[in-house]
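Each remark here refers to the structure printed beneath this line.
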Amino acid sequence: MKIVSVVGARPNFMKIAPFVHEIERYNQERSSSQERIEHILVHTGQHYDDKMSKDFFKALNIPEADINLGVGSGSHAEQVGNTMIAFEKVLLEHKPDWVVVVGDVNATCACSITAKKEHVKVAHIEAGLRSFDLKMPEEINRMVTDRLSDLLLTPCEISSQNLRSEGVSEDRIKFVGNIMIDTLEAQRAKAAALDVYAIVKEQLLFSDQNVSVINFDKYAVMTLHRPSNVDEKSTLSSILDFLCDEVASDMPLLWPIHPRTRKQIDKFDLWGKIHSTPNFVLLNPLGYHDLLRLNMDAQLMFTDSGGLQEECCVLGTPCLTLRWSTERPVTLKEHGGASVLVGDDIEKMRFEYLETMKIPRKPQRPKFWDGNTAMRIVHALLHHS
Ligand code: UD1
């Protein structure tokens with residue numbers, strides 16, 4: 001069997017690592033080349049900075065991509081279009097049996113469309129997630145990819161149910177669990193051994209920030225990069241005001257800043273207040289283990305990321321999700337998780353912040369978030385007729 005798998009952006013790397021390692025393990029146990037899986041890893045190049053890409057390959061022991069399409073940044077149409085043009089050539093040359101795509105970034109959508117047009121079977125890892133918010137580019141990517149995929153590998157029962165509601169036949173749906181939790185479980189011990197202060201010191205965005213006077217026994221973490229939160233000046237500045245005035249006043253708030261957000265802060269000239277708030281600790285984008293380490297002992301997470309909602313669920317970190325909808329409802333408090341949706345409403349953020357501070361850590365493990373998802377995925381690919 002010949003598989004081409006695809007990654008493009010940071011959240012894909014945590015999802016492909018266990019899959020790549022499982023194929024390696026599978027092949028090591030087979031002596032004949034006919035029995036082995038031939039695997040080609042394609043990186044579309046959507047994320048290209050070392051801190052957004054190469055560092056994750058290294059940290060998660062992912063072999064260098066066999067092919068890099070070098071697509072880079074651009075509008076959605078540019079990214080999707082350029083990826084399709086370049087990926088078509090890969091398919092024509094290598095003629096795989098399967099294309100495996102992960103998550104919901106532009107690479108996921110572009111490569112699933114290209115594969116189907118070349119009559120190559122598509123498997124989607126993390127299928128069936130729905131926020132029902134078509135303003136999110138990721139929701140469009142999820143819907144298109146799932147509509148085209150031959151094998152829909154779902155992370156939770158709610159996702160399988162979403163697909164059934166859309167009329168997807170049962171033979172295309174396979175509930176396998178959350179592959180990102182395979183990575184979390186594999187890397188947990190390495191992350192736990194890291195020192196919070198050492199991470200902060202190493203990754204400071206402004207070397208003049210004096211963090212030696214800050215007590216990191218108790219701290220919160222935030223990440224923010226969704227266009228809905230960072231592309232409008234009024235939204236971004238009111239979120240930052242709240243965090244500076246009402247959270248950083250209670251405890252250190254550690255913020256690894258995404259390149260997109262950094263660009264927007266430059267554009268809107270918003271550095272002044274956040275840079276001068278002593279407890280607001282501005283960091284470079286963090287590596288996988290560093291962020292996992294911070295998450296492990298954080299009092300609270302403020303985030304608009306999808307993956308962090310899931311990691312908070314398993315670690316039990318109370319999580320305020322700065323979005324009005326989530327494609328990962330299994331992580332919400334009402335489903336037993338650690339996350340609550342606060343959108344960009346400051347009143348709601350304030351209320352939930354104060355409420356959440358009263359609640360102790362409560363780790364949860366939805367079914368099949370057990371570290372064995374990649375094994376189930378490879379098995380499903382090998383046995384799909
Ligand atoms: C993309 C994904 C999003 C995911 C996020 C994680 C889509 C539609 N969105 O959003 O789902 O949550 O990645 O990071 O695929 N940039 C750099 N260096 C890089 C990459 C990007 O400086 O290595 C800057 C560029 O200015 C670029 C901007 O960040 O224009 C946005 O990057 P892009 O890949 O378009 O989208 P993300 O916001 O990262």
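Structure data summary
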item: In segment 70-91, residue nearest to the ligand (Cβ to nearest atom) [restricted to those that are open to solvent by less than 20 Å² (accessible area, probe 1.4 Å) and out of contact with any helix residue (DSSP H, G or I) (no Cβ under 6 Å at 6 or more places or on another chain)]; result: Gly72
item: Criterion: out of contact with any strand residue (DSSP E or B) (no Cβ under 6 Å at 6 or more places or on another chain) and modelled with pLDDT of 95 or more - qualifying residue of Arg361, Arg260; result: Arg260
item: Positions within segment 296-307 being within 16 Å of the ligand (Cβ to nearest atom) and open to solvent by less than 10 Å² (accessible area, probe 1.4 Å), in sequence order; result: Met301, Phe302, Thr303, Asp304, Gly306
item: Selection count where residues are of a type in the set (S, T, N, Q), farther than 19 Å from Ala298 by Cα and in a helix (DSSP H, G or I), scope segment 198-246; result: 6
item: His21 more than 12 Å from the ligand (Cβ to nearest atom), over 22 Å from the mean Cα position of the chain (by Cα) and at pLDDT 95 or above; result: no
item: Any hit, segment 6-26, residues being touching a His at 6+ places or on another chain (Cβ under 6 Å) and over 26 Å from Pro259 (Cβ atoms); result: yes
item: Test: residue in segment 310-327 that is open to solvent by 20 Å² or more (accessible area, probe 1.4 Å), over 26 Å from Ala9 (Cα atoms) and at pLDDT 95 or above; result: no
item: Segment 4-55, residues that are out of contact with any strand residue (DSSP E or B) (no Cβ under 7 Å at 6 or more places or on another chain), hydrophobic (A, V, I, L, M, F, W, C) and crowded, with 23+ Cβ neighbours inside 10 Å; result: Met14, Ala17
item: Some residue of segment 87-102 being out of contact with any strand residue (DSSP E or B) (no Cβ under 7 Å at 6 or more places or on another chain), closer than 27 Å to Trp324 by Cβ and at pLDDT 95 or above; result: no
item: Odd one out for Met1, checked against (1) out of contact with any strand residue (DSSP E or B) (no Cβ under 6 Å at 6 or more places or on another chain); (2) more than 19 Å from Ala374 (Cα to Cα); result: (2)
item: Among (1) out of contact with any helix residue (DSSP H, G or I) (no Cβ under 8 Å at 6 or more places or on another chain); (2) open to solvent by less than 50 Å² (accessible area, probe 1.4 Å) - the single one Ile257 does not satisfy; result: (1)
item: Unique match (being over 15 Å from the mean Cα position of the chain (by Cα), buried (at least 24 other Cβ atoms within 10 Å of the Cβ) and within 15 Å of the ligand (Cβ to nearest atom)) among Ala110, Ala115; result: Ala110
item: Residues satisfying the stated conditions in segment 249-295, i.e. of a type in the set (Asp, Glu) and more than 15 Å from the ligand (Cβ to nearest atom); result: Asp250, Asp269, Asp290
item: Top-ranked residue in segment 202-230 [being surrounded by 15 or more Cβ atoms within 10 Å (Cβ to Cβ) and either without any contact (Cβ under 8 Å) to a residue 40 or more places away in the chain or not assigned by TED's automatic domain parsing to the domain that holds Leu308 (or both); ranked as nearest to Asp133 (Cα to Cα)]; result: Val230
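The values are calculated or read from the model by the stated rules, or taken from the named source; none is laboratory data. Predicted, not measured: the structure shown is a model, and the values here were computed from it. Note that each Cβ is placed from the backbone with ideal geometry, even for glycine, and that neighbours are counted across all protein chains shown. Ligands, DNA and RNA are excluded from the accessible area calculation, which covers all protein heavy atoms including side chains. Shrake-Rupley method; radii C 1.70, N 1.55, O 1.52, S 1.80 Å.
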